[in-house]
Amino acid sequence: MRSLRRCDASAKRLPRQSDGVRGRAGIIEGVMRILSFAALGGAILALAGCRSLPPSKPSSQWTAQEARGAVVFQQNCARCHYATTTSSLHGPGLQALTKQPTMPSGMPPTDERLTVVILHGRTMMPGTPLTDSQLQDLLAYLHTL
């Protein structure tokens, strides 16, 4: 009796399509799945903030002020911030800092706001005492990133 039920159940199945039709449909279905996953992956990356940033100005094109600012950065900032990436060291990476609408804090990256953060600090970042000329050189350098 049990084997008879198995036969009855299998008899209700739809007949298989020919291999030629099934093959083309299977390929199309596979391609559509791949495209769907690619679109989903792109959407996830976009939501995760993965975007290309404008490149930094090459050091060979720096002005004298920007080069002095790079020295100020190395002496005072490089132990906590990467200059050429957005990856965090102890503080956020600073690549394209002045080219973004907001800093990691959410504030606009104006020279005035950068000056306040550099001189007085913010949250975990301590203030950095700089002379006016060092500050101006550093700001010029930050604009190259």
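Every read-out reported here was derived from the displayed coordinates using simple, explicitly stated rules and does not represent laboratory data. Just so we're clear, the structure is a prediction, and the values are computed from it rather than from any experiment. Positions of Cβ are generated from backbone atoms using ideal geometry, with glycine treated the same way; all protein chains shown enter the neighbour counts.
The table for this structure:
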read-out: Residues that are without any contact (Cβ under 8 Å) to a residue 24 or more places away in the chain and either part of a helix (DSSP H, G or I) or touching a Gly at 6+ places or on another chain (Cβ under 9 Å) (or both), drawn from segment 97-117; value: Pro104, Glu112, Arg113, Val116, Val117
read-out: Output for segment 84-140, where each listed residue is under 20 Å from Ser56 (Cα atoms) and more than 26 Å from the chain's Cα centre (by Cα); value: Leu135, Gln136, Asp137
read-out: Failed condition for Ala70, given (1) under 23 Å from Ser52 (Cβ atoms); (2) in contact (Cβ under 8 Å) with a residue 12 or more places away in the chain; (3) surrounded by 14 or more Cβ atoms within 10 Å (Cβ to Cβ); value: (1)
read-out: Test: residue in segment 66-78 that is in contact with a Lys or Arg (Cβ under 9 Å, 6 or more places away or on another chain), of a type in the set (D, E, K, R) and in a helix (DSSP H, G or I); value: yes
